[in-house]
């Protein structure tokens, strides 16, 4: 495992952070291409993507500071370096993005169609970052590609992060191809949500179970609930969008 690209004294360059930054830039660059395929202005989609990323960063940090204000007063820099993207932060980011798209007159579903392969591309880079730093541990396996974390530890574990990266790359390629042949609005984002949800649901069978209690008990893993929600949303888009288009045609 390679958690650091550079570690010299107090100078630390984490592999995950570098891959995350590269993934974000790659996704923004890809959005210039996907915007053309959905008939959206590339510059407008780039700006919307940049706004979403900045909103996620700022809002998550504000929630972190609000929930740990005393710690922030004592260790402001250290606290702001803590990963802090929570469900509440994601919800606020979605709301802020919806308002931005409304103000900029960017249609929702075409924008989501253009963003779908960009999002899965970011997922691929984040998964590679987890793989490099040895996080996202899997269940024990006897398969030859199992990993020992650290290298001299037994038993060997499923490289779940690598599985996720491969799944994300394949989904990204499929979505880019689908974007060139889409026959109706919402098809790409619905396919991306369904495929990613199925992949995440299946990956939980190779990942170590969540050790913390959840509101709905142990019926399903939290990631499985999220995955099922993604699949349901995909189904609703596929069902409701044709009806909406038909109503407008009338």
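Numbers for the structure displayed
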quantity: Full-extension gain in nm, residue 13 to residue 183, via 0.36 nm per residue minus C-alpha separation; calculated: 56.8 nm
quantity: Fewest-first sequence of 105, 158 by Cβ atoms within 10 Å of each Cβ; calculated: 105, 158
quantity: Residue exposure sequence - 121, 147, 50 - by fewest surrounding Cβ within 10 Å; calculated: 50, 147, 121
quantity: Neighbour-count order for 230, 25, fewest beta carbons within 10 angstrom listed first; calculated: 25, 230
quantity: Backbone N under 18 Å from the residue 44 label point (7 Å along Cα→Cβ), restricted to segment 97-121; calculated: 97-116
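Taken together, the values in this text are just the output of simple stated rules run on the coordinates, not laboratory data. Quick caveat, the model's predicted, so the values are computed rather than measured. When we count neighbours, we look across all protein chains shown, and the Cβ atoms used for this are built from the backbone with ideal geometry, even at glycine.
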